[in-house]
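Below is one structure, written out as structure tokens, with a few remarks after it.
The values are calculated or read from the model by the stated rules, or taken from the named source; none is laboratory data. Owing to the predicted nature of the structure, the values given are computational and were not obtained by experimental measurement. For neighbour counting, all protein chains shown are included, and Cβ atoms are generated from backbone atoms with ideal geometry for every residue, glycine included. Calculation scope for accessible area: heavy atoms of the full protein, side chains included, ligands and nucleic acids excluded. Shrake-Rupley method; radii C 1.70, N 1.55, O 1.52, S 1.80 Å.
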Amino acid sequence: LGTTSCGGSESGYSSPVETEQPPTVNVKSSVSGKVTFDVVPFSIYNQGLDTDNPYPSAARGVRVELLNNSGRVIATGNTDENGNYAIQVDRDLDLFARVSAMMIQTSGPQWNVKVTDNTSLIDNEYPLYVTNTSMFNTLANRVRNIHLPSGLNGQNAGIRSAAPFAILDAVYD
């Protein structure tokens, strides 16, 4: 396709006008990782729990939220059957990840299962068990693996972070 010109070109045609487009900038970052929790096996010899030998298991189908420093939820996702999650967010945000003891499915068979702390009543509600990471920036893609220890073997100052997720895992099965 050419255009005719009223002079200025020996061939009678002018070259097509080319405009340079700015490069496409990816304005999103990915926050991904794997969520695991400690499973405390039964002891064959002591007829109870073997608290010295916990092993990690994938936290399947649980909610992962990304929050800003004022606590507002920016994005959410769920872990897959292997405990993996990937959430797209805007670049250059200061966020922290929260793993909530809940499983929500809105397509196909639907459910909303939560594990709450029945020993604490706050504003007439039992709070949901959650675990937060430290803050990070999304200037680049981030991998945030989150492990919830049992707390039964002296780890995690005795806090049993894994317990609500063990309950959810039984429901998932």
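Quick check, is ASP80 over 15 Å from ARG144 (Cβ atoms) and outside any loop (DSSP other than H, G, I, E, B)?
Working: over 15 Å from ARG144 (Cβ atoms): yes; outside any loop (DSSP other than H, G, I, E, B): no.
In short, no.
Six or more apart or on different chains, Cβ atoms under 6 Å: show the pairs whose first residue is in segment 92-119 and closer than 20 Å to ILE167 by Cα and whose second is polar (S, T, N, Q) and open to solvent by 20 Å² or more (accessible area, probe 1.4 Å).
Going by the 6 Å Cβ cut-off, the qualifying pairs are ARG98/ASN132; VAL99/THR131; ILE104/ASN112; TRP111/GLN105.
Does segment 79-91 hold any residues that are closer than 18 Å to PHE165 by Cβ and open to solvent by less than 50 Å² (accessible area, probe 1.4 Å), and which are they?
Those that are closer than 18 Å to PHE165 by Cβ and open to solvent by less than 50 Å² (accessible area, probe 1.4 Å): THR79, GLY83, TYR85.
What are the residues in segment 92-109 that are among the charged types (D, E, K, R) and modelled with pLDDT under 95, if any?
ASP92
Out of all the residues in segment 33-69, which are closer than 15 Å to PRO149 by Cβ and open to solvent by less than 10 Å² (accessible area, probe 1.4 Å)?
Correct list: VAL35, PHE37, ALA59.
So, in segment 1-49, of the ones that are in a loop (DSSP other than H, G, I, E, B) and within 30 Å of ASN78 (Cα to Cα), which residue ends up modelled with the lowest pLDDT?
Among them, the one singled out is THR24.
Evaluate segment 108-122: report whether one residue or more is open to solvent by 60 Å² or more (accessible area, probe 1.4 Å) and aromatic (Phe, Trp, Tyr).
Yes, segment 108-122 has at least one match.
Does segment 70-78 contain at least one residue that is without any contact (Cβ under 8 Å) to a residue 40 or more places away in the chain, within 23 Å of VAL171 (Cα to Cα) and open to solvent by 30 Å² or more (accessible area, probe 1.4 Å)?
Within segment 70-78, one or more residues are without any contact (Cβ under 8 Å) to a residue 40 or more places away in the chain, within 23 Å of VAL171 (Cα to Cα) and open to solvent by 30 Å² or more (accessible area, probe 1.4 Å).
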